[in-house]
Each structure stands twice: as structure tokens, then as C-alpha cells.
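To start, the structure under review is shown below, and the notes come after it.
The values are calculated or read from the model by the stated rules, or taken from the named source; none is laboratory data. Since the structure is predicted, the reported quantities are computational estimates derived from the model, not experimental observations. Here the Cβ is made from the backbone with ideal geometry for all residues, glycine too, and neighbour counts use every protein chain on show.
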Amino acid sequence: MTDVGYSYLDELNDIQRQAATALDGPVMVIAGPGSGKTRVLTYRIAHMINLGVNPGNILSLTFTNKAAREMKDRIERVVGPKAQRVWAGTFHSLFARILRVEAHKIGYPNDFTIYDTDDTKSVITEIITQMNLDKKVYAPGVVRSRISAAKSNLITPKAYLANEELMAYDKMARRPLIHVIYEKYAAKCMRAGAMDFDDLLLQMFRLLYQNPDQVRDKYQMQFKYLMVDEFQDTNYLQYEILKLLTVYPGSKNNICIVGDDAQSIYSFRGATIENILQFENDFPDLQTYKLEQNYRSTQFIVEAANEVINHNKRQIQKKIWTDRIEGNKIKIIKASTETEEGKRVADTIIEQKNRHNLQNKEIAILYRTNGQSRIFEEQLRRHNILYRVYGGLSFYARKEVKDLIAYMRLTINDKDDEALKRVINYPRRGIGESTIENISKLADDNNMSMWEVLTKIDFNQRSRKSIGDFVQLIHAFKAKAAKSNAYEIADYIARNSGIIELLKADKSVEGLGRLENITSLLDGIKEFVDDDEIQVGEEMNTDKSLSTFLQTISLMTDADTKEENPDTVTLMSVHSAKGLEFKSVFVVGLEENLFPSFMALAEGNQVDEERRLFYVAITRAEELLCLTYAHSRYQYGNMRFNDPSRFLEEISDRNLDSIISIHKKPEFPEPKILGNFKPLGSKKPMLSVNVDDFVAANPNDIKPGMEVIHLKFGQGKVMSVDERLVASIVFDGLDENQEKRIMLQFAKLQIVT
DNA sequence: GGGGGCTATGGGGGG
DNA sequence: CATAGCCCCC
């Protein structure tokens with residue numbers, strides 16, 4: 001292989017290069033932490049494109065949408081803008097995108113709703129109530145996870161009933177009717193034109209499985225090259241979909257899986273390491289590459305990680321090593337209480353920032369449970385250290401936001417019963433619980449949606465008026481939706497549903513906040529509609545329907561949302577930290593019953609997965625690693641005394657800093673200025689252009705060399721316009737020679753010269 | 001039918 | 001400690 005013209009391959013070591021250039025046939029890459037996996041994945045795709053593979057024929061499945069965007073961004077630096085045509089994203093988001101086109105072929109509307117966990121639980125609760133079952137025994141959360149597990153293993157309600165093992169387990173747990181709930185739940189979702197998260201996979205499977213000629217063929221032809229990152233965290237269903245796409249007569253089996261069994265941490269949602277073993281069976285002629293050199297962490301950290309993971313018996317044989325310096329030994333903080341743990345971590349952060357000149361964004365605090373964030377937030381706030389908490393209640397999970405979104409959902413898909421139940425009496429319009437229950441029952445008895453019941457069945461005089469009003473309201477929304485863009489509909493709904501009025505009446509601080517959230521939501525939709533810029537790593541999105549907006553936000557996690565102040569300390573669960581790296585990492589709450597969690601200890605044989613989780617946690621650190629625990633902490637109301645985590649003992653002394661004894665520090669004085677702590681969601685000011693004099697030009701008139709004015713970015717020069725009518729523009733007011741890509745079909749540009 | 005206050009209970013990770 | 005769910009009163 002000649003290196004001329006392929007300089008990016010020089011950035012890889014031998015084994016990485018072999019993995020990145022083995023394009024044909026099945027490939028398995030076992031990649032230890034920090035082993036340059038992302039680099040291999042990106043250059044592998046770049047290499048394909050350089051050798052003439054059409055980017056649209058590449059399917060690259062990643063664990064988060066953010067990872068996908070970053071990957072495309074990096075590929076673009078090698079092969080240019082066509083990198084954006086690669087199909088890269090999560091299983092859920094890419095399948096949702098395909099289902100938006102194909103869902104009608106399997107009996108769903110293309111504008112299907114995505115039910116979140118709350119919607120799902122609510123449907124299940126309703127079924128349990130209707131069946132007169134004990135809600136204590138049939139806890140909706142438990143039932144939901146049984147159903148989810150069944151779906152993840154391609155077990156239909158009928159197959160569930162026929163499965164002796166599942167039924168025996170349910171009988172033992174005194175829940176023999178889960179299969180009935182499952183069947184009713186599936187029927188209800190179908191009737192509601194709704195898919196839950198598992199359905200995005202399951203219905204994708206059905207689509208491909210049941211339509212071999214029109215659909216499966218098409219996607220087999222389209223996705224000639226498949227790459228799957230974090231394969232150790234895929235479930236059976238996901239793997240079966242991959243096989244439908246890959247295994248067929250004449251197939252070249254161009255599938256590359258990348259993963260690390262030692263980092264498998266999602267078995268609770270159906271992920272199974274068996275997939276890796278099965279892959280070896282299904283593709284016996286596969287080529288295997290092991291990336292064992294760690295470029296991320298210094299020696300003490302790598303050695304400690306090896307010591308820890310070696311306590312697990314079942315493993316794919318590998319030896320992670322590094323040629324980096326020994327670095328700093330791992331620091332242990334032993335605190336008396338969780339409050340002191342928080343203080344000591346905050347103090348240590350300040351010390352590290354001074355001594356090692358660290359920025360906030362180079363530091364992360366990782367915990368086992370999200371509930372642990374609060375104390376660290378308090379302490380960081382005290383010290384005026386900016387931080388951001390991931391994984392908490394996301395913006396779209398807030399009640400008022402969900403309420404408004406429910407109206408939108410119902411307007412787009414009137415079969416969405418969960419949305420209907422949420423808003424039929426909100427704001428209050430005198431349709432009470434018993435009436436709603438009655439409607440729901442009528443819907444079930446007649447196998448129609450609740451909306452159909454409202455529009456087709458006559459009600460007694462008491463509720464007739466209020467129901468009539470509600471039906472009229474939704475009809476008005478639908479009429480508006482037929483002739484307006486997403487923002488106009490949303491704005492109309494917000495103002496005419498009564499939600500804004502209701503919130504305005506609430507003068508409390510919380511009420512004000514809720515109103516602000518509604519405004520932010522509307523702003524967000526406006527931005528979605530108006531956005532004419534193609535961000536780096538983003539594909540050209542020309543579908544600006546409300547329906548698309550709703551689907552996008554259902555699959556968004558707050559790791560995907562943009563951060564406006566980038567220099568913040570990261571607070572997140574170890575699970576969310578997968579794939580990330582930081583110069584300095586604090587792993588906190590290392591106590592028995594917390595990490596490893598009491599659930600894992602109670603269930604038995606889950607300690608190995610907790611250990612893998614701990615392994616993931618410590619391998620996030622590049623140079624500084626600090627492990628902390630508290631002697632006592634409040635858990636559910638009372639003081640608990642837990643022993644230090646067994647994982648601490650698995651690291652030998654030679655990798656540890658001497659244990660620092662507990663010493664009380666004086667209270668840190670309350671800072672005077674807390675002002676620069678800005679809540680998330682506030683908007684940055686836009687460049688001001690006189691809107692009144694503004695006249696947008698016809699897209700076809702924009703030519704390279706012109707000076708133009710953009711409402712958001714100000715004046716700039718058009719550098720080029722491509723065949724998709726995407727212009728590259730350099731704006732005067734912006735940094736460096738940073739070109740913006742603007743979609744002219746949506747652009748608001750005025751020609752100056 | 002709606003709101004307020006009290007009691008019991010849960011107890012993890014996420015798309 | 002939180003908060004969901006329940007009961008009671010308006």
C-alpha cells in the first residue's frame with residue numbers, strides 16, 4: 001500500500017491501519033479503552049469514500065447522535081462535504097427516519113408518535129386497572145421492562161405465552177398475566193399509531209422481514225457497508241436487523257463491528273455479549289483485529305484498570321498497555337459524610353485547576369446514580385465553578401413542555417390516546433376522570449381511538465358541551481396545521497389551547513419559569529423552521545414539518561443538546577460517560593451498596609457488570625484520577641454506613657497515592673457574587689440587522705462573489721454555491737475564515753452588491 | 001370535580 | 001429524603 005495521497009493513514013499504528021483498510025467481508029475490531037477506536041472508524045469510512053464508495057451506501061451505527069455528528073465532522077476533514085451523506089446515527093434515530101417513509105407498509109401512519117417511557121407506563125397502568133389487577137404486584141415499571149425485554153428478544157405475546165421459562169418466572173413472581181398485558185399493550189400502541197423505543201427496532205425488523213421484495217431488497221442494496229460501534233451493547237433484536245441487512249444470497253457481508261466486551265454495561269436493557277460470540281459463529285471467515293495500545297491514559301491509570309478488570313473471569317483475551325509516562329498516582333479521598341465528600345471534591349478541583357492549569361471542561365465528576373449530583377452541584381456553586389449536569393430532567397421532560405407537545409402530537413396524529421388524555425382536561429374544561437375513563441373504555445370496546453369516540457359517539461348532556469368544545473378546538477388546530485409551518489402551528493396551539501393564559505395567571509417564580517419554558521420551546525421550533533444553516537457534522541435537513549420536529553426531540557438526550565458555555569465541569573452518570581474522556585476524573589460514591597449498587601449485590605452475578613462499569617469510569621481519565629467515598633450518607637431518609645467499595649481494594653498500592661486522612665477544613669466563605677451562573681436555555685443575542693429594510697432575494701439570484709446580508713449573521717461574502725443550492729458564505733462579524741453553509745431554499749439573504 | 005395536606009414507600013443505569 | 005397516591009373537604 002502506497003502512502004502517497006493517503007496521509008490520514010499515517011496517523012494510525014499498524015494494527016489500526018489494518019483494521020481501517022480491511023473493507024471487504026466481515027470484520028471484528030476489539031478495541032480497548034482509549035485505543036483510537038473512533039479514529040479507526042472515521043478513517044475507515046474516509047478510506048472507503050476515497051476508494052470510490054458512495055457515502056450514501058455506508059451505514060454507521062453509533063451509540064449517541066453526538067458521536068455520529070462528530071464522526072461525520074472528522075470524515076469531512078478528509079474527504080470533504082460529501083461525508084455528510086453517510087448514514088450515521090443511533091439505531092433508534094436512523095430507523096425512525098426510515099420508518100417515517102415506510103411505516104404505512106406495516107400498518108402505522110408515517111406520522112407515527114413516539115411514546116416515551118412515561119407514555120408507556122401510563123398505557124400499561126390503564127390496562128392493569130382495566131384488568132382489575134393489583135398495582136402493587138403488577139408494578140407498571142416492572143411490567144414495562146418485561147415487555148421491553150421480550151421485544152428486545154423478538155418474543156411476540158404469543159411466543160411469550162409459549163415460553164416456559166418466562167411464564168415460570170412470572171408465575172413465581174405472582175404475575176402470570178404479563179403476557180396478556182403485553183398483548184393488549186401492543187394492540188393499543190398500534191391503534192394509537194404509536195411506537196415506543198423498542199418498537200423503533202422491532203417495527204424496523206418487521207418492515208424488513210415482512211417485505212422481502214419491495215423494502216428489504218432496497219435497503220440491502222443501499223447499505224452496502226455496515227459499521228457498528230459499541231457492539232457489546234447491542235441486543236438480540238438489533239443484531240437480527242443487522243443480519244437482515246447483511247446476510248442474503250450474493251452478499252459481500254461487508255459488516256464491521258467494533259466493541260469491547262470489558263465495557264459492556266447495558267445488559268439491563270437487553271444488551272448481550274453473546275452477540276460478539278454469535279458474530280464469530282455467523283461469520284466464520286471474519287478478520288479480527290485487537291487494539292490494545294491505550295493512548296489516552298498515563299501508566300498508573302492503565303495498570304489500575306487492568307487490575308480491576310482482571311477480577312472478571314469471562315473475557316476476551318487481551319492486554320491493554322500504554323507507553324505514556326507513569327503520571328500521577330491515583331488519589332483516594334475518604335470522607336466522613338456525603339457533604340464532606342462534595343466539599344473535598346470541590347476543593348481538589350480548585351487545587352488541580354491551580355496546580356495543573358486545568359480548565360473546567362477538562363474535569364468530570366462521575367457517579368453511579370443521578371441522584372448523587374445534588375451535593376456536588378451545591379459545592380461547585382459555592383466555589384463559583386461552572387458546571388453542567390447531564391442526564392437529569394431534560395427540557396422536554398418538563399410538565400408544561402410535555403403538555404404543549406401533547407397538543408401538537410394530537411394535532412399531527414389524532415389517534416395518539418396518551419396525548420389526548422394529557423390535554424383533554426388541561427386546562428380544565430370540565431371533562432372529569434370518570435368521563436375520560438368512559439371514553440377510554442368505549443375506545444377499547446369499539447376498537448377505535450379515543451378521538452374517534454369523541455367525534456362519533458354522542459355523550460350525555462353534561463359532558464356534551466365541553467367535549468364538543470374540545471373537539472372543535474382540535475379541529476381548529478388541524479385546520480391550522482394543514483396550511484402553516486411548524487412554528488405557526490405551535491404558536492397558534494400555545495395561544496389557543498389556554499396553556500399560556502393559565503401559566504400567565506400563576507405569578508410565582510415557578511410559574512414564571514414554566515412560562516419561560518413554553519417560550520423557549522416555541523423559540524426552539526422557530527429556530528428549527530428558520531434554520532437555513534448546515535452545521536458542521538449535520539446533514540442537509542429540508543424536512544421542517546412539525547411531525548419531524550416532534551420525532552427529533554423524542555430521540556434527543558441532553559448529551560445531544562448544545563452547550564452554550566463550553567467551559568463547564570461535567571457531572572454525569574458513569575453510563576453516560578461511555579466513550580468520553582477527560583484530563584481529570586473524579587469517580588465518587590465508591591461504597592458497597594452504591595457502587596456496586598445494592599440491586600446488583602442482591603441479584604447476584606451482576607457484580608461483574610458493576611465492575612465493568614467501574615472499569616469504564618476509571619478509563620475515562622487521561623492524567624488525573626481521584627476516587628472518593630463517604631463513611632456515612634443519607635439514603636432514603638436515614639443515615640447509612642457503608643463499607644468502602646470492594647473495587648477500591650482491587651487496585652494495588654503501587655498505583656495509589658497514600659491515603660489522605662480526614663481533616664476538617666474551615667467553611668468556605670459564602671461568595672458575594674453568584675451572578676455569572678447562568679441557567680441553561682437562555683439565548684445568545686443575535687447580530688442586529690435592520691429588519692424593516694430587509695428584502696430577501698430569490699435563491700437563484702445568489703451567485704459567488706456577491707456581498708449579502710443574513711438576518712442572523714450579518715454581512716458576508718458568498719464564496720460558492722453548489723448544485724443543491726447550498727452557499728458557502730464568509731461573514732464579516734464571525735471569527736477567522738469560518739465559512740457557514742447556508743441552504744438557499746430557506747435562506748433570508750439580501751443582496752448588497 | 002378539584003385542590004390541599006398527609007402518609008407510605010421507593011430504593012439504577014437509558015433510547 | 002423525595003414524591004406518588006390517597007383521603008377528605010370544599
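Contact map, region A:133-146: first residue under 10 Å from A:ILE178 (Cβ atoms), second residue more than 12 Å from DNA strand B (Cβ to nearest atom) and in a loop (DSSP other than H, G, I, E, B), Cβ cut-off under 6 Å, separation 6 or more or different chains; pairs are A:TYR138/A:ARG175. Can we say A:ILE439 is in contact with a strand residue (DSSP E or B) (Cβ under 8 Å, 6 or more places away or on another chain) and more than 30 Å from A:THR369 (Cβ to Cβ)? Spelling it out, it is not the case that A:ILE439 is in contact with a strand residue (DSSP E or B) (Cβ under 8 Å, 6 or more places away or on another chain) and more than 30 Å from A:THR369 (Cβ to Cβ).
Answer yes if at least one residue in region A:22-37 is touching a helix residue (DSSP H, G or I) at 6+ places or on another chain (Cβ under 9 Å), among the polar types (S, T, N, Q), more than 16 Å from DNA strand C (Cβ to nearest atom) and in a helix (DSSP H, G or I), and no otherwise. The answer is no; no qualifying residue exists.
In region A:592-638, which residue that is charged (D, E, K, R) and closer than 28 Å to A:ASN294 by Cβ is surrounded by the fewest Cβ atoms within 10 Å (Cβ to Cβ)? Among those residues, the one meeting the criterion is A:ASP608.
If the requirement is being closer than 27 Å to A:THR519 by Cβ, of a type in the set (Ser, Thr, Tyr) and at pLDDT 90 or above, which of these qualifies: A:TYR367, A:TYR387, A:TYR396?
Numbers: A:TYR367 fails: closer than 27 Å to A:THR519 by Cβ; A:TYR396 fails: at pLDDT 90 or above.
Result: A:TYR387 is the single residue among A:TYR367, A:TYR387, A:TYR396 that is closer than 27 Å to A:THR519 by Cβ, of a type in the set (Ser, Thr, Tyr) and at pLDDT 90 or above.
When A:ALA479, A:ALA443 are screened for being free of Cβ contacts under 8 Å to residues at least 12 places away in the same chain, more than 11 Å from DNA strand B (Cβ to nearest atom), of a type in the set (Gly, Ala, Ser) and more than 30 Å from A:THR570 (Cα to Cα), only A:ALA479 passes. Scanning region A:20-59 for residues that are of a type in the set (D, E, K, R) and touching an Asp or Glu at 6+ places or on another chain (Cβ under 9 Å) gives A:LYS37, A:ARG39. Against the list (1) touching a Ser or Thr at 6+ places or on another chain (Cβ under 9 Å); (2) surrounded by fewer than 13 Cβ atoms within 10 Å (Cβ to Cβ); (3) among the charged types (D, E, K, R); (4) at pLDDT 75 or above, the condition A:LYS683 fails is (4). Looking only at region A:344-402, residues that are assigned to a helix (DSSP H, G or I) and within 13 Å of DNA strand B (Cβ to nearest atom) come to 7 in all. The sole residue among A:VAL29, A:VAL53, A:VAL78 that is surrounded by fewer than 20 Cβ atoms within 10 Å (Cβ to Cβ) and in contact with a strand residue (DSSP E or B) (Cβ under 7 Å, 6 or more places away or on another chain) is A:VAL53. Among the residues of region A:590-646, the ones that are without any contact (Cβ under 8 Å) to a residue 60 or more places away in the chain, of a type in the set (A, V, I, L, M) and within 14 Å of DNA strand B (Cβ to nearest atom) come to 6 in all. For region A:625-646, the set of residues classified as over 14 Å from A:PHE595 (Cα atoms) and assigned to a loop (DSSP other than H, G, I, E, B) consists of A:TYR636, A:GLY637, listed by residue number.
Scanning region A:411-443 for residues that are buried (at least 19 other Cβ atoms within 10 Å of the Cβ) and within 16 Å of DNA strand C (Cβ to nearest atom) yields A:GLU418, A:LYS421, A:ARG422. From the list A:ILE114, A:ILE124, the lone residue that is within 16 Å of DNA strand B (Cβ to nearest atom), touching a helix residue (DSSP H, G or I) at 6+ places or on another chain (Cβ under 6 Å), β-branched (Val, Ile, Thr) and under 19 Å from A:ALA443 (Cα atoms) is A:ILE124.
If a residue has to be under 16 Å from the mean Cα position of the chain (by Cα) and over 18 Å from A:VAL27 (Cβ atoms) to count, how many in region A:220-236 make the cut? Give the derivation first.
Here is the first cut: in region A:220-236, the ones under 16 Å from the mean Cα position of the chain (by Cα) are A:229-230, A:233-234.
Still in the list and also over 18 Å from A:VAL27 (Cβ atoms): A:233.
Matching residues across region A:220-236 total 1.
Within region A:235-252, residues that are farther than 15 Å from A:LEU277 by Cα reach partners that are among the aromatic types (Phe, Trp, Tyr) and not in a helix (DSSP H, G or I) with beta carbons closer than 8 Å, at six or more positions or on different chains, in the pairs A:LEU245/A:PHE223.
Within region A:494-514, the set of residues being of a type outside the set (Gly, Ala, Ser) and touching a residue at least 24 places away in the same chain (Cβ under 8 Å) comprises A:ILE499, A:GLU501, A:LEU502, A:LEU503, A:ARG514. Residue count for region A:146-175 under the criterion of being surrounded by 15 or more Cβ atoms within 10 Å (Cβ to Cβ) and within 16 Å of DNA strand B (Cβ to nearest atom): the result is 11.
Quick one: would you say A:GLU723 is of a type in the set (Asp, Glu), modelled with pLDDT of 70 or more and in a loop (DSSP other than H, G, I, E, B)? Step through it out loud before you land on a result.
Values: of a type in the set (Asp, Glu): yes; modelled with pLDDT of 70 or more: yes; in a loop (DSSP other than H, G, I, E, B): yes.
It is true that A:GLU723 is of a type in the set (Asp, Glu), modelled with pLDDT of 70 or more and in a loop (DSSP other than H, G, I, E, B).
All told, A:SER373 meets the bar of being within 16 Å of DNA strand C (Cβ to nearest atom), buried (at least 19 other Cβ atoms within 10 Å of the Cβ) and small (Gly, Ala, Ser). The residue that is farthest from DNA strand C (Cβ to nearest atom), among those in region A:458-478 that are at pLDDT below 85 and surrounded by fewer than 18 Cβ atoms within 10 Å (Cβ to Cβ), is A:ASP458.
Condition check ((1) touching a Leu at 6+ places or on another chain (Cβ under 6 Å); (2) in a strand (DSSP E or B); (3) among the basic types (Lys, Arg)) across all residues:
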{"residue": "A:GLY56", "(1), (2), (3)": "no, no, no"}
{"residue": "A:LEU59", "(1), (2), (3)": "yes, yes, no"}
{"residue": "A:ALA68", "(1), (2), (3)": "no, no, no"}
{"residue": "A:MET71", "(1), (2), (3)": "no, no, no"}
{"residue": "A:GLU76", "(1), (2), (3)": "no, no, no"}
{"residue": "A:LYS82", "(1), (2), (3)": "no, no, yes"}
{"residue": "A:ALA88", "(1), (2), (3)": "no, yes, no"}
{"residue": "A:HIS92", "(1), (2), (3)": "yes, no, no"}
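Among helices (runs of 4 or more DSSP H) entirely within region A:425-507, having at least 2 residues that are in contact with a Lys or Arg (Cβ under 9 Å, 6 or more places away or on another chain) and not aliphatic (A, V, I, L, M) singles out A:433-445, A:450-456, A:461-482, A:486-496.
So that you can scan it fast, the table gives a plain yes or no per residue for (1) at pLDDT below 90; (2) more than 28 Å from A:TYR239 (Cα to Cα):
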residue	(1), (2)
A:PHE112	no, no
A:ASP118	yes, no
A:GLU126	yes, yes
A:MET131	yes, yes
A:ASP134	yes, yes
A:ALA139	yes, yes
A:SER152	no, no
A:THR156	no, no
A:ALA162	no, no
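Within region A:572-589, if we keep just the residues that are under 11 Å from A:ARG368 (Cβ atoms) and assigned to a loop (DSSP other than H, G, I, E, B), the residue that is farthest from DNA strand B (Cβ to nearest atom) turns out to be A:VAL588.
The lone criterion from (1) in a helix (DSSP H, G or I); (2) closer than 19 Å to A:LEU61 by Cα left unmet by A:GLN214 is number (2).
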